[in-house]
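What follows is a single structure, written as structure tokens, with notes after it.
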Amino acid sequence: MAGETRAWFEITRDVLRAHNVRLIPYVPDNVLRPLIALLEADPFFTVFTCTREEEAVGIACGAWMAGTHAMVLMQTSGFATLPNVLASLPVPFQIPILLMVSERGTLGEFNIGQTLVARTMRPALDSLAMEHHTLSRVDEVEFIIERSIRQAVATHQPATFILSPLLTGGKVF
């Protein structure tokens, strides 16, 4: 419909579907709630909670080895547990899992733990030579996710999407 705009989470769902990314393990997060609800309501996707981010990454890697594409959903603080896992499994074994991280630790954050992880997340991804993009505008979401999925699969390397509060509205305190 002309003039109709989709929300970031609707665009994300559509791009995941177009690229056959069916498995969505996640650790619950309020900012990601609209995306999680949309994916859970769609029978195309298999969506389930995990107790830890490392568990979700392991499941996503196993899914790829079994022929299924996956994306792990988490918030910034959960990313802090992942550098060793990423350096031990998807990066060296060239498994193109996708991570989507809702960014906390900026723009009015009250929790010092979140701010510390927010400052170290991108340098950690850079040190692992992992492709990562910060999504801050709805008009860029489709292009960035679509192209990054293509690149991840073609190069057999994982990719991370960081959802800026400028895109999602962030956590309301």
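No lab work stands behind these numbers, since they all come straight from the coordinates. Please read all numbers here as calculations on a predicted model, not as lab measurements. Glycine also receives a Cβ, built like all others from the backbone with ideal geometry; neighbour counts cover every protein chain displayed.
The string of couplings for segment 49-63 from the Karplus curve (6.51, -1.76, 1.60, θ = phi - 60°) is 7, 10, 7, 9, 5, 4, 4, 4, 5, x, 5, 5, 5, x, 4 Hz, one whole number per residue in order, with x for Gly and Pro. The share of C-alpha pairs in the chain whose separation exceeds 27 Å stands at 18 percent.
When peptides 92-99, 55-62 are ranked by their average number of other Cβ atoms within 10 Å per residue, the highest-first order is 55-62, 92-99. In this structure, the amide hydrogen of Val72, modeled 1.01 Å from its nitrogen in the peptide plane, lies closer than 5 angstrom to those of Leu98, Leu99, Met100, counting only residues at least 5 positions away or on a different chain. Residue separation of Ile144 and Asp14 scaled by 0.36 nm, minus their Cα-Cα distance, works out to 45.5 nm of gained length.
By DSSP, the beta bridges lying fully in the chain are antiparallel in about 0 percent of cases. Amide hydrogen proximity for Thr46: with H placed 1.01 Å from N in the peptide plane, the residues at 5 or more positions away or on another chain lying under 5 Å are Leu23, Ile24.
Only Lys, Arg, Asp and Glu carry charge here, each on its Cβ (+1 for the first two, -1 for the last two); on that basis the chain has a dipole of about 140 debye about its Cα centre.
Look at the alpha carbon pairs under 8 Å that are at least 6 residues apart: their mean separation over the length of the chain gives a relative contact order of 23 percent.
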